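Read-outs throughout are calculated quantities, based only on the coordinates presented, and are distinct from any laboratory measurement. Just so it is clear, the model here is predicted, and its values are computed rather than measured. Heads up, the Cβs are rebuilt from the backbone with ideal geometry, glycines too, and the neighbour counts pull from every protein chain shown.
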């Protein structure tokens, strides 16, 4: 698997969202997209990251960007997570890991990366995709409680 880099075209995808709709990358062409991968719904780090983005969603939208969260849990898990924490952006149910694999967000080096890959758990990584559908920025190790601030600095 080739690692994506800044300037690469973002891999196309279609996946089911929290509300049962189907979301495609092409839905966001002409706008910026904050596409963030996270390991698991309702865990401490993932909750802090999602809530940071929730709390700053309007500022992110004011900069012309939408937010999508992606993990390998199913839509029901995402719905519970969304309702519990009042998330104001969609989560994609990447149950087969196809979107995460396309973005290089599953697997990686070391024992932890191998274990996460075996269990189909996504790595924590954020891609900011520009209006033309290219990777503009990559945040390899997001600071979960302050993730929105990291994103806002790059938009």
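Extending 7 Å from the Cα toward the beta-carbon at both residue 83 and residue 31 defines two label points whose distance is 2.6 nm.
Computed over the chain, the per-residue total of -39500 (n - 2.57) for DSSP H runs of n ≥ 4 gives a 222 nm mean residue ellipticity of -9000 deg cm²/dmol, rounded to 500. In whole angstrom, note down how far apart the Cα centers of the stretch 1-33 and the stretch 119-155 are. First find each Cα centre; the distance between them is then 13 Å.
Which shape class applies to the stretch 1-65: rounded if a/c is under 1.5, otherwise prolate when a/b exceeds b/c and oblate if not, where a ≥ b ≥ c are the square roots of the Cα gyration tensor eigenvalues? The shape class here is rounded. By the beta-carbon count within 10 Å of each Cβ, the least crowded to most crowded order of 38, 103, fewest first, is 103, 38. Sorted fewest first by neighbouring Cβ atoms within 10 angstrom, 147, 134 come out as 134, 147. Calculated FRET efficiency, residue 154 to residue 76, Cβ-Cβ distance, R0 = 35 Å: about 0.60 to the nearest 0.05.
Against the empirical curve 2.2 N^0.38 Å, the C-alpha radius of gyration of the stretch 28-154 lands at a ratio of 0.99. The calculated FRET efficiency for residue 40 paired with residue 8, based on their beta-carbon distance and R0 = 22 Å, is about 0.25. Each Cα pair under 8 Å and six or more residues apart adds its sequence gap; the mean of these over the residue count of the chain is a relative contact order of 34 percent.
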